[in-house]
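Quick one: the structure is below, questions incoming.
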Amino acid sequence: MGRPTSTRRGRVAALAVTVVCLAYAPIAATELWPYASPGAPAIGEWLLGRSVSPEFVAEAVRDRMGPYTRSLAPLIVHSVLGGLLMLLGPVQLLSAVRRRIRLHRIAGTVFAVTVYVSMAGAALYLVRTPPEQAFSGAAFWIVLATILAGTVGSVTLGVLAAVRGLPDLHQRWMLLCYGFLMTAPLLRLEWGFLPALYPGLSIQDINRVAIMHLGSLVSFGALLASRALDRRTTVPGLSGTWCPRPVLVAVHLAGAAGLTWITVAFLDQGSGGRRLLLGYVVPYAATYAVIAVRAARARARGADWPHEEWRLHLAALCLAPAFSAVAVPVLERSMGLGRLTALIAGVGIGCGMLAYAAVTVVSLRVLYGRELLKRQRALAERPTAPVTPAPDAVSVAATSTSPEGDR
C-alpha cells in the first residue's frame, strides 16, 4: 500500500512542478521587456495586476526601475534564459525517469550551459548594484547572491558526478540546482497570495516574508524528489552512520539555541518581526516534522540508506538556525548592516546553505562507501605469495640418523 501511494504522490508533485514551470516560462521571458521598451507586453505584470492590484504592480515596477536600468542587458539575458530553464527542467526530469538517455544527455548539456550564461547575467547585476541599492534592499541582494552561488555550485557538481559515472549523486545535485531555480516562480506565486494574507504590505515587505522560507522549501522539495527517485534500501560499501545519537543530540541542542536566539531577536522588532518570525518558523517546523517522521519510518522498516540520508538532512536542518544566529553579527560587521537587515539575510540563507552542506555530506558518504568497497575488493583479489612448506619432523629425524649424518 505504501509504494503505490508514494508513487501517486510523486506523480502529482511532478505534474504540479511541470505546470508551474510551463506557466512561468513565458512570464520569465517577458518580465523585463517593459523596462527596455515601455508599453511592451509583460504577462507577469498583467496577471499580478488582476490578482492583487494595479497599484501593487506599479510599486514593484517603480522600485525595480532604478536598480534594473543600470544592468538591463544582462538581466534580460538572465530572465529570457530563465524561461528556457523552466522548460528544460521538466524535460530533464521526465527523460531521466523514462530512461531516454540520449535526450537526457542532450537536454542536460543545454541545461548546464544555459544555467552558466543565465547566472552570469544575474552576477553582473549583483556586481554592478550595491547591496543597499538593490531591489528590496541588502537582505534581498544577499539572498540572491547565495542562490546564485548555490545554483552554479550544484550544476557544476552535478556535471562532474555525471562525468565520473555517479548517477545517484548527479541526480541529487541537479535536483538541488533546479530547486534553487524554482525560487523565481515560487516568489511570483507569493506575490500573488501573500498580499491577501497581509493586506497593505509593500512588495519589499512581501519579499522579506518570502525569503524567510523559500530556501527551506525548495531544498526540501529537492530532497523529497531525490528520495522518491532512489528506491534503494542499502548502498554497497555503506555501514553504520555518520550521525550517531550523540551527534544528533548535539545538533538538536545547537538548533534549539539558535532558534531561541532568532525568536527573541525577531520579537524585539515589533509586529513586523513577529510576521517575519511566523514566515520562518511554520515552514521550518513542518519541514522538520516530515524529515523526522521519514527517518523514523525508514529505521523501522530496516532501510539503512534512506534512514542515513534522512538523518543527515535532519542534522543539517537542526544546524540551520544556529548557522543563521552566527551569520547575523558577521553580516552586521562585515557589510555594515542594521540588525533587522542582517537578521533577515542571515535567516534567509540559513536553510538553503545547510541543505547544500547536507547534500555535500551525503555525496561524501556515498564516495567513501564506494572507495571502501573498492579497497575491500582489491584486497580480496590480491594474489598471495607462495609459502615454502617447512620440513616435517619425520624428515628431519631421518636425515639426522642417516649413515651420512653419523659420519
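Yes or no, residue by residue, for (1) closer than 19 Å to Glu59 by Cβ; (2) among the hydroxyl-bearing types (Ser, Thr, Tyr):
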residue: Arg100; (1), (2): no, no
residue: Tyr116; (1), (2): no, yes
residue: Leu124; (1), (2): no, no
residue: Phe140; (1), (2): yes, no
residue: Val152; (1), (2): no, no
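Output the residues belonging to the stretch 112-136 that are out of contact with any Pro (no Cβ under 9 Å at 6 or more places or on another chain), touching a residue at least 40 places away in the same chain (Cβ under 8 Å) and more than 30 Å from Arg339 (Cα to Cα).
Passing the criteria: Ala112, Val115, Val117, Ser118.
A further question on this structure: In this structure, is Val159 among the β-branched types (Val, Ile, Thr) and in contact with a helix residue (DSSP H, G or I) (Cβ under 7 Å, 6 or more places away or on another chain)?
Details: among the β-branched types (Val, Ile, Thr): yes; in contact with a helix residue (DSSP H, G or I) (Cβ under 7 Å, 6 or more places away or on another chain): yes.
So Val159 passes the test.
Would you mind stating whether Arg227 is more than 20 Å from Leu175 (Cα to Cα), assigned to a helix (DSSP H, G or I) and not hydrophobic (A, V, I, L, M, F, W, C)? Before you say what the answer is, go through the steps one by one.
Numbers: more than 20 Å from Leu175 (Cα to Cα): no; assigned to a helix (DSSP H, G or I): yes; not hydrophobic (A, V, I, L, M, F, W, C): yes.
So Arg227 does not fit the description; no.
Going by the conditions given, is Val264 of a type in the set (Val, Ile, Thr) and more than 30 Å from Trp141 (Cβ to Cβ)? Spell out the reasoning first.
Details: of a type in the set (Val, Ile, Thr): yes; more than 30 Å from Trp141 (Cβ to Cβ): no.
The answer is no for Val264.
For the stretch 72-113, what are the residues that are crowded, with 19+ Cβ neighbours inside 10 Å and hydroxyl-bearing (Ser, Thr, Tyr)?
Matches in the stretch 72-113: Ser79 only.
Which of the helices (runs of 4 or more DSSP H) contained wholly in the stretch 36-135 include at least 2 residues that are under 21 Å from the mean Cα position of the chain (by Cα), within 20 Å of Ala184 (Cα to Cα) and at pLDDT below 90? Reasoning before the result, please.
Details: elements: 43-51, 54-69, 72-97, 101-128.
Filter on the stretch 36-135 gives 72-97.
Just for the stretch 332-353: of the residues that are aliphatic (A, V, I, L, M) and crowded, with 22+ Cβ neighbours inside 10 Å, which one is nearest to Gly150 (Cα to Cα)?
Ile349
Tally the residues that are part of a loop (DSSP other than H, G, I, E, B), buried (at least 23 other Cβ atoms within 10 Å of the Cβ) and of a type in the set (Gly, Ala, Ser), restricting the search to the stretch 202-224. Explain how you work it out, then say what you get.
Let us first name the residues in the stretch 202-224 that are part of a loop (DSSP other than H, G, I, E, B), namely 202, 212-213.
Add one more test, that the residue is buried (at least 23 other Cβ atoms within 10 Å of the Cβ), and what stays is 212-213.
Next, only the ones that are of a type in the set (Gly, Ala, Ser) stay: none.
Here the count works out to 0.
I need a count of the residues in the stretch 147-201 that are surrounded by 15 or more Cβ atoms within 10 Å (Cβ to Cβ) and outside any helix (DSSP H, G or I).
So the count comes out to 3.
Taking Ser395 as meeting all but one of (1) modelled with pLDDT under 95; (2) under 60 Å from the mean Cα position of the chain (by Cα), write down the number of the exception.
If we test Ser395 against (1) modelled with pLDDT under 95; (2) under 60 Å from the mean Cα position of the chain (by Cα), just (2) comes out false.
Pairs, please: C-beta under 7 Å, at least 6 apart or cross-chain, first residue over 18 Å from Met182 (Cβ atoms) and in the stretch 1-20, second at pLDDT 85 or above and of a type outside the set (Phe, Trp, Tyr)?
The qualifying pairs are Ser6/Ala228.
Please name all residue pairs, on different chains or six or more residues apart, with Cβ atoms under 9 Å, provided the first residue is in the stretch 350-365 and is free of Cβ contacts under 8 Å to residues at least 24 places away in the same chain and assigned to a helix (DSSP H, G or I) and the second residue is among the acidic types (Asp, Glu) and surrounded by fewer than 21 Cβ atoms within 10 Å (Cβ to Cβ).
Sorted first by the residue in the stretch 350-365, then by its partner, the list stays empty.
Show the residue pairs that are 6+ apart or on different chains and have beta-carbon atoms under 8 Å apart, the first residue being within the stretch 39-56 and under 17 Å from Ala28 (Cα atoms), the second being among the basic types (Lys, Arg) and assigned to a helix (DSSP H, G or I).
That search, which allows pairs on different chains as well, returns Gly44/Arg188; Leu48/Arg188.
Sticking with this structure for a sec: Can you name the residue in the stretch 62-111 that is without any contact (Cβ under 8 Å) to a residue 12 or more places away in the chain and charged (D, E, K, R) and is also nearest to Leu144 (Cα to Cα) among such residues?
Arg62
The values are calculated or read from the model by the stated rules, or taken from the named source; none is laboratory data. None of these values were measured; they are calculated from a predicted model. Cβ: placed from backbone, ideal geometry, glycine included. Neighbour counts: every protein chain shown.
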